[in-house]
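The values are calculated or read from the model by the stated rules, or taken from the named source; none is laboratory data. Quick caveat: nothing in here was measured; it's all calculated off a predicted structure. So basically every Cβ, Gly included, is an ideal-geometry build from the backbone, and we count neighbours across all protein chains shown.
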Amino acid sequence: MRLRSICASIVALAAALMFASLPTHASEVVYEGFGPSFPIYANGGIGFSGPWAQGGFNAFASGYTTNAVSLSYPTLRPGAAGSLSGGAFPAINGAIRNLEQSLGDGTTVYMSFVLRPDGVLSDGIFNGFFGVTLNGSSNDLFIGKPGGGALDQYVLETRGGIGQVPSGTSTYAGHAALLVVKAQFVSGNDVFTLYTNPKPGSTEPSSGTVKSDLDLGVVSKIGIYSSGAFTVDEIRIGTTYEDVVPKTGE
């Protein structure tokens, strides 16, 4: 009996150690679903230290409007009802929002969002660009449809077009895309990997579009930056891939 009790204790201890060694499931740390409206009630979502405000490099206005309906992407779990749209503008428009916790060296995070070109592609000043930015202390990373270079593709680039890396995924008016960025903040140049249209609920893709010539420094805010017509929704930042590409029903 004593031997049986000792064996049972050893098994229980081994199980406990095995459970403790499993990685804990991280959580979505930033979420913006653009509900109920923008910019009148631009203080929704989680993971921010303040509301949206006009901003961005040479952004002269923030002429964005909200929609009551979310921008959907197949099998991606929706969040708050609502989405944000911008038109083809004669000037650069932008909005920025401060993060509750800054991102920096020694960390890896994932950001995802749904982006849809609207109207006529490339209408608007500077060939009608639009996308989301990670705003660092030394520069900004732009993810979206560019204003130069690969005009018909989603890209990673330093804000302004420097070091553009095309994804190979074409932009089509009226067709929403799911864009996921893995941001590895390291000493020196950071490493950014873009996955376009991955399947929600699946594991992280084995390869993507990589940009490694930019040191963002400390990222304290995100932005929306545009001159072309688009709709954006479901901005998520998390510490694992699974956090930012949740499947419907999970």
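Of the numbered criteria (1) among the charged types (D, E, K, R); (2) assigned to a strand (DSSP E or B); (3) out of contact with any Leu (no Cβ under 9 Å at 6 or more places or on another chain), the one residue 242 fails is (2). Looking only at the stretch 46-65, count how many residues are crowded, with 18+ Cβ neighbours inside 10 Å, farther than 12 Å from residue 224 by Cβ and without any contact (Cβ under 8 Å) to a residue 60 or more places away in the chain. Qualifying residue count for the region: 1.
From the list 59, 81, pick out the single residue that is more than 16 Å from residue 233 (Cα to Cα) and not polar (S, T, N, Q).
Numbers: 81 fails: more than 16 Å from residue 233 (Cα to Cα).
None of the other options fit; the residue is 59.
Exactly one condition in (1) closer than 28 Å to residue 242 by Cβ; (2) exposed (fewer than 15 other Cβ atoms within 10 Å of the Cβ); (3) at pLDDT below 90 is not met by residue 38; state its number. Here residue 38 meets the rest and fails (2).
Scanning the stretch 71-118 for residues that are part of a loop (DSSP other than H, G, I, E, B), under 16 Å from the mean Cα position of the chain (by Cα) and surrounded by 21 or more Cβ atoms within 10 Å (Cβ to Cβ) yields 71, 73.
Only one of these is on the phi < 0 side of the Ramachandran plot and of a type outside the set (Val, Ile, Thr): 102, 122. Name it.
Within the list 102, 122, the selection yields 102.
Just name the residue that is nearest to residue 248 (Cα to Cα) out of those in the stretch 119-136 that are touching a strand residue (DSSP E or B) at 6+ places or on another chain (Cβ under 7 Å) and either small (Gly, Ala, Ser) or surrounded by fewer than 21 Cβ atoms within 10 Å (Cβ to Cβ) (or both). Once the filter is applied, the top-ranked residue is 131.
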